[in-house]
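Scroll down for the structure; my scribbles are underneath it.
The values are calculated or read from the model by the stated rules, or taken from the named source; none is laboratory data. Everything numeric in this text was worked out from a predicted model, so none of it was measured. Quick reminder, even Gly has a Cβ in these numbers, built from the backbone with ideal geometry, and neighbours come from all protein chains shown. Ligands, DNA and RNA are excluded from the accessible area calculation, which covers all protein heavy atoms including side chains. Shrake-Rupley method; radii C 1.70, N 1.55, O 1.52, S 1.80 Å.
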Amino acid sequence: MRQNFPLLPLLEIKEMKIDKSTRHSKITGDFAENLILYWLSKYGFECSIVDHTGIDIIAKNPHSHELMGISVKGRSRNIGTEGSYLSLPNDNFKKAKKACDAFGCVPYFAIVVDENSKIEVFITSMKHLLELFPMGAKVSAWKMNERWKKHYLSDPEIMTFDFTYQTTRWWK
């Protein structure tokens, strides 16, 4: 027997204050790594999470046959911080290069940003990332404004995918 439930107004998440858990940064990083791993695997890359300083994933590109050492950087943006750049400390590049030298792979970075009900992903070589955004005094700044996101979509050296999501019902 089918039950009829009254329609309830949807909770406006954008107006709701979101208090992230104390472990949210760690969980965001784990989610980002597994999302990249899943997407690579889905498209035929042999890949694995590695617990090594400097890189998070080793993957064999079935198209270029390149062995990739991927450092994954994930961010979960709060309302009001959308479009802000992603800060990549300079030592991340040194660590990625050292790990890739040890494993005989090419250093790559995967950027995963959750903001405005959208998860956006960008994968590029460390070499290309540093051509776009050279190291400053302390960091390289991966830009996330609309102008740069349009550039990433047209740049053949940056692989991209994204998800748009909606939280339709949640606790008040």
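Would you pick out the residues in the stretch 52-72 that are open to solvent by 40 Å² or more (accessible area, probe 1.4 Å), touching a strand residue (DSSP E or B) at 6+ places or on another chain (Cβ under 7 Å) and assigned to a strand (DSSP E or B)?
Our first condition is that a residue be open to solvent by 40 Å² or more (accessible area, probe 1.4 Å); within the stretch 52-72, this holds for 52-53, 60, 62-67.
Then keep just the ones that are touching a strand residue (DSSP E or B) at 6+ places or on another chain (Cβ under 7 Å); that gives 60, 66-67.
Result: Lys60, Leu67.
Only residues that are open to solvent by 100 Å² or more (accessible area, probe 1.4 Å), touching a residue at least 12 places away in the same chain (Cβ under 8 Å) and over 14 Å from the mean Cα position of the chain (by Cα): list them for the stretch 14-42, please.
Lys14
Which residues, taken from the stretch 158-172, are open to solvent by 100 Å² or more (accessible area, probe 1.4 Å) and either in a loop (DSSP other than H, G, I, E, B) or among the small types (Gly, Ala, Ser) (or both)?
If the condition is that a residue be open to solvent by 100 Å² or more (accessible area, probe 1.4 Å) and either in a loop (DSSP other than H, G, I, E, B) or among the small types (Gly, Ala, Ser) (or both), then Gln166, Arg169, Trp170, Trp171, Lys172 are the ones that fit.
Restricting attention to the stretch 82-112, and to residues there that are more than 18 Å from the chain's Cα centre (by Cα) and part of a loop (DSSP other than H, G, I, E, B), which single residue is nearest to Leu132 (Cα to Cα)?
If we take residues in the stretch 82-112 being more than 18 Å from the chain's Cα centre (by Cα) and part of a loop (DSSP other than H, G, I, E, B), then Cys105 is nearest to Leu132 (Cα to Cα).
Quick one: Tyr152 ticks every box in (1) part of a helix (DSSP H, G or I); (2) open to solvent by 60 Å² or more (accessible area, probe 1.4 Å) bar one, so which box is it?
Tallying (1) part of a helix (DSSP H, G or I); (2) open to solvent by 60 Å² or more (accessible area, probe 1.4 Å), Tyr152 fails exactly one: (2).
Identify, by number, the condition in (1) under 18 Å from Ile57 (Cβ atoms); (2) out of contact with any helix residue (DSSP H, G or I) (no Cβ under 9 Å at 6 or more places or on another chain); (3) open to solvent by 90 Å² or more (accessible area, probe 1.4 Å) that Lys97 doesn't meet.
(2)
Among the residues of the stretch 124-146, what is the count of those that are open to solvent by 90 Å² or more (accessible area, probe 1.4 Å), modelled with pLDDT of 95 or more and part of a helix (DSSP H, G or I)?
Number satisfying all stated conditions: 2.
Residue-wise test of (1) touching a helix residue (DSSP H, G or I) at 6+ places or on another chain (Cβ under 6 Å); (2) among the aliphatic types (A, V, I, L, M); (3) modelled with pLDDT of 95 or more.
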{"site": "Thr28", "(1), (2), (3)": "no, no, no"}
{"site": "Glu33", "(1), (2), (3)": "no, no, yes"}
{"site": "Asp51", "(1), (2), (3)": "no, no, no"}
{"site": "Gly54", "(1), (2), (3)": "yes, no, yes"}
{"site": "Ala59", "(1), (2), (3)": "yes, yes, yes"}
{"site": "Ser64", "(1), (2), (3)": "no, no, yes"}
{"site": "Leu67", "(1), (2), (3)": "no, yes, yes"}
{"site": "Ile70", "(1), (2), (3)": "no, yes, yes"}
